[in-house]
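Below is one structure, written out as structure tokens; the observations come after it.
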Amino acid sequence: MKELHSFGWYASRVAKKLPKHVLKPVPSRLWGGLVYLLISLAGLTSIIMFDMSPWFYLLIAFVLGNSFASMGFLGHEILHGTVVKKPWVRNFLGAVAFWPLSTGPRLWRKWHNMDHHVHTQHEELDPDSWPSLRQLSKIKILRWIYKLPLPVRAFFSFLSLTITFTMHSLRMFVVYLKEFKSTNRPMVVVQLILPWVTWIGLLVWIGPLKWLFAFVIPLLIANFIVMAYISTNHRLNPLVPVNDPLANSLTVTVPKWVDALHFNFSYHTEHHLFPAMSSKYYPMVKEHIKSMWPERYHEMPMTKALVTLWRTPRVYHDDGTALIDPYPGNVYGSLGHGLDPAKIKFQKLNLKGTAFFLKKGKTEKA
Ligand SMILES: [Zn+2]
Ligand SMILES: [Zn+2]
């Protein structure tokens, strides 16, 4: 196995090759946010004020869905401090950008900046990592779900991407609230409640049919778009004992116009090396990483990453480098550990024992 290095190890080596200005905030990113805000307000106003054919509403809902997702990507960037530096301005703009996804800036910074970035793909400490067989064996409902055939699980997990971000965000609120100082907790609660109050208020104002097109369908679309990135960012990579972004992250590639719409969110390995750098500069960082560590770097087209995600099971086995479909006992590699998206193969292990131990709420090593 290749020796693992921390993100700081890579960042210090790449930083020497970059111009100094790339670490400065880039407030001009806000123009993109303003455009999305105006599009969203125009879309919402059209649905609220005019009675149109449902097909036209649906078209507006798709535009709103992409705008909500893109504002979330900008909110992510803003809350890393790469757009403006003043904390209150950063938090205010982050709250506006995350309003459609109803995620508060304080919660997001704790969950994402402090835990996901610091403990990426750590079995227990990364709030976004997928469970290992050991964790799965402890949860009865998951033990039952994993008895379903892989394609059935893949279908439902892809369908659930339309609600995953919202559900995970609400779960993070419950998990993290007690970790805030008691003096800060009211603000964290207010930041969750305020967006929901406006969306529920909108329902009361315009009724369920218009609300479906103004909020529900756009939210499902936005969830799917952000989760298409988030689920391919790390889930094909291994769990790692050292937070090595070249081992635990995947950069997906999308057409240039999609990168423009989504604020370069596809450059995820680059983001984990330099979370405090504007994503505007990630194409430059990518060039350097690819020339310095070509054998370690993982990138793949988004479509291929989604197909690979569909075709591989989502639970880690052994030391976190393999993926396992526990009941048939099929073991797949992860990126850097034998997973080839062009030719997905699995090894059949004699894992009658695995199924047995899963039943008992325990696991064994294959
Ligand atoms: Zn990440
Ligand atoms: Zn981030």
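Given just the C-alpha atoms of segment 1-93, how large is their convex hull per residue in cubic angstrom? Let's see the in-between values first.
Working: hull volume 14.2 nm³, N = 93.
Enclosed volume per residue, from the Cα hull, is 152 Å³.
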Nearest-0.05 FRET efficiency for Met52 and Ile344, computed from C-beta distance (R0 45 Å): 0.50
Whole-Hz couplings from phi, Karplus 6.51/-1.76/1.60, listed for segment 2-10; x for Gly and Pro: 5, 5, 8, 10, 6, 5, x, 4, 5
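By the gyration tensor of its Cα atoms, with a ≥ b ≥ c the square roots of the eigenvalues, what is the shape of segment 167-208: rounded for a/c under 1.5, prolate for a/b over b/c, or oblate?
The shape class here is oblate.
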Helical contribution to [θ] at 222 nm, DSSP H n ≥ 4, -39,500 (n - 2.57), averaged over the chain, rounded to 500: -17000 deg cm²/dmol
Separation of alpha-carbon centers, segment 16-38 and segment 136-208, rounded to whole Å: 30
The chain - charge dipole about Cα centre, Lys and Arg +1 at Cβ, Asp and Glu -1, debye rounded to 20: 560
Cα-based shape type of segment 136-229, given that a ≥ b ≥ c are square roots of the gyration tensor eigenvalues and the cut on a/c is 1.5: oblate
Of Trp196, Trp108, Trp99, the one that fluctuates the most in a GNM where the chain has Cα springs shorter than 10 Å: Trp196
3J(HN,Hα) from dihedral phi, segment 133-141, Karplus parametrisation 6.51/-1.76/1.60, rounded to Hz, x for glycine, proline: 4, 4, 5, 4, 5, 7, 10, 4, 4
Anisotropy class of segment 206-277 from Cα gyration tensor, a/c 1.5 cut: prolate
Intensity falloff of the chain expressed as log10 I(q)/I(0), Debye formula with alpha-carbon point scatterers, at q = 0.11, 0.12, 0.15 Å⁻¹: -0.81, -0.96, -1.39
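Pairs of lysines 8 or more apart, or on different chains, with alpha carbons under 30 Å: count those in segment 34-153, would you?
Details: Lys85/Lys110; Lys86/Lys110; Lys110/Lys138; Lys110/Lys140; Lys138/Lys147.
Summing the qualifying lysine pairs gives 5.
Taking the Cα centre as origin and putting +1 on Lys and Arg beta-carbons and -1 on Asp and Glu beta-carbons, what dipole magnitude results for segment 6-80, to the nearest 20 debye?
The dipole of segment 6-80 has a size of about 760 debye.
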Cut-off 18 Å (backbone N to label point 7 Å along Cα→Cβ of Ile139), residues of segment 163-184: 163-177
The chain: most fluctuating residue of Val331, Val26, Val204 per GNM, C-alpha cutoff 10 Å: Val204
C-alpha center-to-center spacing [segment 294-308, segment 53-91] in angstrom: 26
Top positive-direction residue, dipole computed over the chain with Cβ charges, set Phe346, Thr232, Pro283: Phe346
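Loop-only chymotrypsin sites (Phe, Trp or Tyr not before Pro) in segment 47-95, please: DSSP not H, G, I, E or B, and at most 13 other Cβ atoms within 10 Å.
Working: sites: Phe50, Trp55, Phe56, Tyr57, Phe62, Phe68, Phe73, Trp88, Phe92; in loops: Phe50.
Loop-located and lightly packed - Phe50.
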Helix 29-49 vs. the chain, principal-axis angle (Cα, 0 to 90°, nearest 10): 70
Which of Arg13, Arg143 has the fewest Cβ neighbours within 10 Å, and the rest in rising order: Arg13, Arg143
Range in the chain, longest, excluding exposed GluC sites (Glu not before Pro) [loop by DSSP; at most 15 other beta-carbon atoms within 10 Å]: 4-123
Cβ-based charge dipole, the chain, positive-most Cα from Trp196, Thr253, Leu136: Leu136
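Rank the residues Val285, Val84, Val89 as a footprinting-exposure proxy: fewest other Cβ atoms within 10 Å of their Cβ go first.
Details: Val285 24, Val84 19, Val89 13.
Taking fewest neighbouring Cβ atoms as first place, the list is Val89, Val84, Val285.
Bear in mind these aren't lab numbers, they're just calculated from the coordinates by the rules spelled out. Computed from a prediction, not measured in an experiment: that's the story for all the values here. Reconstructed Cβ throughout: ideal geometry from the backbone, glycine too, with neighbour counts over all protein chains shown.
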